[in-house]
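Just so it is clear, none of the values below were taken in a lab; they were calculated from the coordinates. These numbers were taken from a predicted model, which means no experiment stands behind them.
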Amino acid sequence: MTDHRAQVDQLLADYRRSREQLASVHRELASISESATSDDGLVTATVGARGMLTGLVIADEAYEKYRPAELAAQIVKLTGGATVKALTGASEVLAPALPSGTDPQALLLGTADLGAQDIAADDVPDDEDESFDDRSWLDDADWPRAR
């Protein structure tokens with residue numbers, strides 16, 4: 001009986017270590033924050049570990065310098081740059097906790113179990129411009145006619 005008890009104790013100890021490691025990884029991931037600032041210093045975008053925008057600072061002068069579309073493009077560009085840095089940091093945090101051969105960035109991007117053929121876009125025709133305004137969703141043949 002004591003041999004089984006020792007095995008159970010070992011399993012529980014392993015579980016507790018794994019749980020603490022996971023908690024530590026979560027804390028580290030939650031603390032990741034990366035920023036990118038425009039060359040002129042007027043716009044700064046900050047993102048979290050998975051690239052979600054968590055902060056945006058736009059100086060008043062940016063509204064005078066940039067047209068709306070240019071400002072939007074600047075924000076998108078800076079957010080992308082900060083995301084690359086954040087994903088790199090998050091990958092470094094995750095790598096030791098993952099099984100060998102697991103790509104931490106693919107895991108963060110949600111593509112860890114997908115192959116190239118799964119990620120490629122399907123050849124689905126683009127029907128966005130098709131209008132359904134003049135079409136009936138009801139088939140008249142299904143309804144009894146009034147007499």
**Complete:** Taking only the alpha-carbon positions of segment 38-121 as identical scatterers, the Debye log10 I(q)/I(0) at q = 0.21, 0.22 Å⁻¹ comes out as -0.93, -0.98
**Message:** What are the ³J(HN,Hα) couplings of segment 98-111, residue after residue, when phi is run through the Karplus curve with 6.51, -1.76, 1.60 and θ = phi - 60°? Round to Hz, x for glycine and proline.
**Reply:** 9, x, 4, x, 8, 7, x, 5, 5, 5, 5, 7, x, 10
